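Worksheet: one structure, shown below.
Values quoted throughout were computed directly from the atomic coordinates according to the rules given, and no laboratory measurement underlies them. Because the structure is a prediction, the values reported are computed rather than measured. When we count neighbours, we look across all protein chains shown, and the Cβ atoms used for this are built from the backbone with ideal geometry, even at glycine.
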Amino acid sequence: MTTTSYHSRYPQLAAMAGDRPLADVHLDISFERPTYHGFRELKVRPGVIDDAAVELYGYSQCHLLGRAMHKRSGWPIALVELAEPPHRWVHVGVFTPAGRVLDIHGVRTVDQVVADHDQEHDLQVHVRHIHTLDDLFTLIGIGEEHWQAGSDETDTPPLAVELAGVFADVLLAQAELVGAVSV
C-alpha cells in the first residue's frame, strides 16, 4: 500500500505515523473485559501479525476484523459456533472464494478451523456461512445500539475501524498470494 493511499484510507493512523510506515506505530489497546488469554492491554502495530494482533483479532475483536474483510471483499462471513445447542458463536472470519476460512490466523480449511478449536479450546464447533452483516450481528447478539455504531464507519470509533481495516487489507492480500481467492 502506498503512502498516499494509506493517508487517505487511514487518516488517524497516518497522522500518528507521520513519515514512518504504519507498522512503526505502536497502539496501546485496553479492554474492560480481558481477552480470552487474560490480557487487559495489548500493544498492536497496524498490519503486523504478531502475538498481540492474534490475541486482539483471534480472541477478542474477531468480529471487527471479520466485518472489515467482508466489507472489502464481499465474501461470506464464516461464523464459528458451538456444534451442540445452544449454538453460541465463538469466532468470526470470512470464506474465501476457494471455500477456505480467512481470519487473523491466515487461510485455513474448514476442517482445520474445527480441529484448531477442538485442540485449543476443547470445543466441538462447526463453521456457518453468513451472508450479511445484519445477520452476523443478530446471531452474535450485539445490541442494536452497538450494531448501529458498527454498521456505519462514521459512527464507529474511527481508530478501531482503521486498525481493523489495515489488518483486513494485509490478510486479503496474503490470501490472494496463497491462491485462496481462486476456486
Going by average Cβ neighbours within 10 Å, how do the peptides 100-109, 114-123, 169-178 rank, with the highest at the top? 100-109, 169-178, 114-123
Evaluate the Debye formula for the range 1-81 with equal point scatterers sitting on the alpha carbons, no solvent, and hand back log10 of I(q)/I(0) at q = 0.12, 0.18, 0.24 Å⁻¹, in q order, two decimals. -0.42, -0.89, -1.20
Given H placed on each backbone N at 1.01 Å, which residues far from V107 in sequence or on other chains put an amide H within less than 5 Å of it? none
Taking only the alpha-carbon positions of the chain as identical scatterers, the Debye log10 I(q)/I(0) at q = 0.11, 0.13, 0.14, 0.20 Å⁻¹ comes out as -0.47, -0.66, -0.77, -1.57
About its Cα centre, what dipole magnitude does the chain give when the only charges are +1 on Lys and Arg Cβ and -1 on Asp and Glu Cβ, stated in debye to the nearest 20? 380 debye
Run lengths n ≥ 4 of DSSP H only: what is the helix-derived mean residue ellipticity at 222 nm for the chain, with -39500 (n - 2.57) per run over all residues, to the nearest 500? -13500 deg cm²/dmol
Rounded, prolate or oblate (a/c below 1.5 giving rounded, otherwise prolate when a/b exceeds b/c) for the range 52-102 by Cα gyration tensor: oblate
Assign unit charges at the C-beta atoms only (+1 for Lys and Arg, -1 for Asp and Glu), then state the dipole size of the range 43-142 relative to its Cα centre in Debye, rounded to the nearest 20. 520 debye
Any DSSP H helix in the chain with Cα axial reach of 24 Å or more and mean Kyte-Doolittle score of at least 0.0? Listed by number, the hits are 158-177
